[in-house]
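Below: one structure, written as structure tokens.
The values are calculated or read from the model by the stated rules, or taken from the named source; none is laboratory data. Quantities reported herein were computed from a predicted structural model and do not represent experimental measurements. Cβ atoms come from the backbone with ideal geometry, glycine included; neighbour counts cover every protein chain shown. Protein only, heavy atoms only, side chains kept; ligands, DNA and RNA dropped before computing areas. Shrake-Rupley method; radii C 1.70, N 1.55, O 1.52, S 1.80 Å.
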Amino acid sequence: LHLFGSDQDKPELSELFGSFGRSIFTLCITLTSTEWLDNFHAAREESPVWSVPFFVCFVYVGHFVMINLFVATVLDNYTEASKLEDRAISPYHFELFGLA
């Protein structure tokens with residue numbers, strides 16, 4: 001909040017980082033890569049020293065977390081499907097009950 005939005009003379013920056021809620025919303029938009037470049041340029045005009053490492057680290061860490069969540073979801077579903085496949089009726093079960 002104070003890193004980029006402390007100056008109220010700039011309406012664009014105040015719109016992006018003017019309050020805690022706006023800052024969180026801006027960071028969520030940045031994480032989705034929708035308008036992150038516009039947000040980055042607006043913050044860089046105000047604080048060129050801190051905005052570059054902040055946005056680079058935030059985007060890299062955010063995307064790393066999102067990719068890990070996606071991979072974890074896929075692996076969890078694959079594991080669950082493998083467990084269900086192990087419980088399926090196999091030819092062994094037909095032979096066991098004399099139906100084959």
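Give me the accessible area per residue for the chain, probe 1.4 Å, as a whole number in Å².
Details: 7720 Å² over 100 residues.
Roughly 77 Å² per residue, with all protein chains present.
Filter the GluC sites (Glu not before Pro) in region 26-100 down to the DSSP loop ones having no more than 16 other Cβ atoms within 10 Å, then list what survives. List each step's numbers first, then the result.
Working: sites: Glu35, Glu45, Glu46, Glu80, Glu85, Glu95; in loops: Glu35.
Hits after loop and neighbour filter: Glu35.
Which label marks the calculated value of Rg/Rh (Cα atoms, Kirkwood Rh), given the options [x] 1.11; [y] 1.47; [z] 1.00?
Among [x] 1.11; [y] 1.47; [z] 1.00, the one derived from this structure is [y].
For the chain, which whole percent of the accessible surface, found with a 1.4 angstrom probe, sits on carbon and sulfur atoms? Let's see the in-between values first.
Numbers: 5130 of 7720 Å².
Reported share for carbon and sulfur atoms: 66 percent.
Would you please give the FRET efficiency between Leu37 and Glu15, computed as 1/(1 + (r/R0)^6) with r the Cβ-Cβ distance and R0 = 25 Å, to the nearest 0.05?
Efficiency at R0 = 25 Å is approximately 0.95.
So what's the angle, to the nearest 10 degrees on a 0 to 90 scale, between helix 36-46 and the longest Cα principal axis of the chain?
30 degrees
Go through region 59-71 residue by residue and turn each phi into a ³J(HN,Hα) via Karplus (6.51, -1.76, 1.60, θ = phi - 60°); whole Hz please, and just put x for glycine and proline.
Result, ordered by residue: 5, 5, 5, x, 5, 4, 5, 5, 5, 5, 5, 5, 5 Hz.
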